[in-house]
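Worksheet for the structure shown next.
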Amino acid sequence: MSDMGLVVVGAAGRMGQTLVRAIHATPGARVIGAVERQGSPHLAKDVGELAGIGSIGVTIGDDPLSAFARADGVIDFTAPAPTVEFAGYAAQARIVHVIGTTGCTPEQDAAIAAAARHATIVKSGNMSLGVNLLAVLVEQAARALGPEEFDIEILEMHHKHKVDAPSGTALLLGNAAAEGRGIALEDHSVRVRDGHTGVRPDGAIGFATLRGGSVVGDHSVILAGAGERIVLSHHAEDRGLFARGAVKAALWAHGKKPGLYTMRDVLGL
Ligand code: NAD
């Protein structure tokens, strides 16, 4: 089979450039298009040059439709509004759409799910093997350690440029904990605490967000009981981790039926 031809949208971004390097290093995958927002100062540059691997003969454009028409798949780490738009185009082209973008609203998630009737979409708040395995462990721990005895708190830290909070990974881990407890995260999450908050409600899943410097992504799920604490943590040291996971997801999805899949499907967890 010939190489899977991939378009990177948001190609000049932190993840976009990392994705170009990861695809270039992966047998069976090839960068065939690169898209940035209209007015980006990077339009018309060679995307390989920008990503530091030298010219690969692919220039950055601002027309997703024509790029998608030639592609087998799209990898998208951009922002919620463009991601919804790209999911629609991927559905029209009936191709693979790997979505790493975080911070989508429930309405945006519903639009992405609708696009998955015709596109093969893999969406995850974290594309790394380690975090997805951690989610499985968190689910087990939350199931085994009930709300009468253990309180669950999720602590995350990211670099200072991150725009959404809590992180997609923190929410992924929160959902895993809620799943283990048999509850809906929306009804039990405490996103912020400030001032006289009163005592902690039983069964709550708390979030705490730190931002600063160049941290790629640190997450800890703390199960706090009377006289003991279990801490399950993951530390991402390099964005290449997420990019390699996203490329793996694209190759896995190639030839699969349209639908909405997660990294746990890709990794068989
Ligand atoms: P970034 O700001 O460096 O990159 C985003 C890029 O998207 C920018 O270059 C921007 O110009 C481009 N863009 C915006 N609108 C566009 C449009 N309409 N068309 C084309 N390009 C457009 O951000 P980043 O740090 O690379 O993160 C991007 C997203 O990926 C965020 O939502 C972040 O939370 C998420 N992320 C997810 C994972 C994961 O594993 N799921 C890992 C890291 C980051």
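The values are calculated or read from the model by the stated rules, or taken from the named source; none is laboratory data. Note that the structure is a prediction, hence the values are computed from the model and not measured. Cβ: placed from backbone, ideal geometry, glycine included. Neighbour counts: every protein chain shown. Areas reflect the complete protein model, heavy atoms only, side chains present, ligands, DNA and RNA absent. Shrake-Rupley method; radii C 1.70, N 1.55, O 1.52, S 1.80 Å.
Give the stretch 56-79 a look and list any residue that's assigned to a loop (DSSP other than H, G, I, E, B) and over 19 Å from Asp3 (Cα atoms), or say none. Scanning the stretch 56-79 gives Asp62, Asp63, Phe77, Thr78, Ala79.
For the condition of a type outside the set (Ser, Thr, Tyr), closer than 26 Å to Gly255 by Cβ, in contact (Cβ under 8 Å) with a residue 24 or more places away in the chain and out of contact with any Leu (no Cβ under 7 Å at 6 or more places or on another chain), Ala119 qualifies. Residues in the stretch 26-48 that are charged (D, E, K, R) and either in contact with a Lys or Arg (Cβ under 8 Å, 6 or more places away or on another chain) or loosely packed, with under 13 Cβ neighbours inside 10 Å (or both): there are none. Report, by residue number, each residue of the stretch 215-269 that is in a strand (DSSP E or B), open to solvent by less than 70 Å² (accessible area, probe 1.4 Å), closer than 16 Å to Ala116 by Cβ and not hydroxyl-bearing (Ser, Thr, Tyr). Selection gives Gly259 alone. Would you mind telling me which numbered condition in (1) among the hydroxyl-bearing types (Ser, Thr, Tyr); (2) within 23 Å of Arg14 (Cα to Cα); (3) crowded, with 18+ Cβ neighbours inside 10 Å Thr120 fails? All conditions are met except number (2).
So which residues in the stretch 1-42 are assigned to a loop (DSSP other than H, G, I, E, B) and more than 10 Å from the ligand (Cβ to nearest atom)? Hits for the stretch 1-42 are Met1, Ser2, Asp3, Ala25, Thr26, Pro27, Gly28. Would you mind telling me which numbered condition in (1) in contact (Cβ under 8 Å) with a residue 24 or more places away in the chain; (2) crowded, with 19+ Cβ neighbours inside 10 Å Val163 fails? Result: Val163 fails condition (2) only.
Quick check: anything in the stretch 178-197 more than 28 Å from Ala110 (Cα to Cα), at pLDDT 95 or above and buried (at least 19 other Cβ atoms within 10 Å of the Cβ)?
There is no residue in the stretch 178-197 that is more than 28 Å from Ala110 (Cα to Cα), at pLDDT 95 or above and buried (at least 19 other Cβ atoms within 10 Å of the Cβ).
The test for being at pLDDT 95 or above, assigned to a strand (DSSP E or B) and within 16 Å of the ligand (Cβ to nearest atom) holds for Thr209.
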